[in-house]
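Have a look at the structure below before the remarks.
The values are calculated or read from the model by the stated rules, or taken from the named source; none is laboratory data. Keep in mind that what you see is a predicted model, and the values were worked out from it rather than measured. All Cβ positions, glycine included, derive from the backbone under ideal geometry; neighbour counts span all protein chains shown. To get the accessible areas, we keep the full protein, side chains included, count just its heavy atoms, and leave off ligands, DNA and RNA. Shrake-Rupley method; radii C 1.70, N 1.55, O 1.52, S 1.80 Å.
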Amino acid sequence: HTHLEWSYFEAGPTDVNTLVFLHGTSSTAAAFFYQVMSLSEKGYHVISAQYPAFSTPAEWCKGFDRFLDAMKCRAVHIIGAGLGGFLAQHFAAKYSPRVRSLVLCNSFASTYAFESRAGTWANLIPVMPSAFLRQAMQDTLPQGGFMELSAKQAIDWVGLQMNDLSGDDLASRLSLNCSGCQVAPLPLDNNKITILESNGETMVPDELRRQLKLMYQGACFAELKSRGDFPYLSRPEEVTLFIEVHMRRCSPTAPATAGYGVSPELWSDQDVLATHEVPARREVWKNPFEDDDLL
């Protein structure tokens, strides 16, 4: 995999807490534009990484380890959405000294449910045409039904972003999502984990949402007011605020102004819910919603 290249957005001072955002199956590094800008302005070092095509979670972890080396980051706080959260958990299990805390947004700890849904189709992903894979991924996005305008706009934007993904990227992400494996127990204390969930249904099956909560009893749990799979786009202020609260709890050196203004009732204790790579490439920063005719 010497040809693989990570791309990323970076902002904020480099001598403080580093937060790394990892996108889901259908997103890109630009999906966390709002969080990168807002948190960097509040004194955090923020990186939104877009990972290249890897075949397995184990290979991805090796690649991410080298990416952190290239970024000169010894240990980081990881915020992962969907597949990004799943991969972040794998990394925390294998490279625990490099992970200070985790925020899992609409994520999961097992892909067996996705593998079962895909059936024999999953074995054909590596040989399928790019156009077919792109359409298959588009079909997984929520269609119809009642949703907030901001959630609908977020879905439309994510759909447009898929046009920038290569066939290798599409095949890799779909294969990882249907890999048929589960995260190993984490050495990380559960009180260093925050689970964020959108209100209502998401693309993550209910069984996987319940499993994640049961795995990390004692972790902080927050149900977001927003609906949909991409709350960091549709309700960025809310997601950013919960990340600030998480950082205040998990890092003694977090900016002193972070985390104020969150009502305690928005949080739940999980005990109650017991039911060698080439150098990374820096992207040119651009507001993903700027001059977007859909918004």
Next item on the list: Tell me, yes or no, whether the stretch 56-75 has at least one residue that is outside any loop (DSSP other than H, G, I, E, B) and touching a Gly at 6+ places or on another chain (Cβ under 7 Å).
Entry: no
Item checked: Residue among 16, 103 that is among the β-branched types (Val, Ile, Thr) and open to solvent by 20 Å² or more (accessible area, probe 1.4 Å) -> 16
Next item on the list: Please tell me if residue 49 is open to solvent by less than 20 Å² (accessible area, probe 1.4 Å), at pLDDT 95 or above and more than 23 Å from residue 208 (Cα to Cα).
Entry: yes
Item checked: Total residues in the stretch 137-161, condition closer than 20 Å to residue 125 by Cβ and surrounded by fewer than 19 Cβ atoms within 10 Å (Cβ to Cβ) -> 6
Check: Which of (1) assigned to a helix (DSSP H, G or I); (2) open to solvent by 40 Å² or more (accessible area, probe 1.4 Å) is the odd one out, the single condition residue 92 does not satisfy?
Finding: (2)
Next item on the list: Answer yes or no: is there a residue in the stretch 51-58 that is over 14 Å from the mean Cα position of the chain (by Cα) and aromatic (Phe, Trp, Tyr).
Entry: yes
Next item on the list: Using the structure shown, decide if residue 101 is polar (S, T, N, Q), in contact with a Cys (Cβ under 9 Å, 6 or more places away or on another chain), closer than 14 Å to residue 175 by Cα and modelled with pLDDT of 90 or more.
Entry: no
Check: For the stretch 154-171, how many residues meet the condition of being part of a loop (DSSP other than H, G, I, E, B) and either at pLDDT 95 or above or among the acidic types (Asp, Glu) (or both)?
Finding: 0
Next item on the list: Determine the pairs where a residue that is farther than 14 Å from residue 182 by Cβ, located within the stretch 195-213, has a partner that is open to solvent by less than 40 Å² (accessible area, probe 1.4 Å) and part of a strand (DSSP E or B) with Cβ atoms under 6 Å apart, the partner being 6 or more residues away or on another chain.
Entry: 195/104; 195/221; 196/105; 196/222
Note to self: Scan the stretch 110-119 and tell me whether some residue there is of a type outside the set (Phe, Trp, Tyr), open to solvent by less than 30 Å² (accessible area, probe 1.4 Å) and touching a Lys or Arg at 6+ places or on another chain (Cβ under 9 Å).
What the structure shows: no
Next item on the list: Take residue 11 and decide whether it is over 20 Å from residue 93 (Cα atoms), within 14 Å of the chain's Cα centre (by Cα), open to solvent by 10 Å² or more (accessible area, probe 1.4 Å) and of a type in the set (A, V, I, L, M, F, W, C).
Entry: no
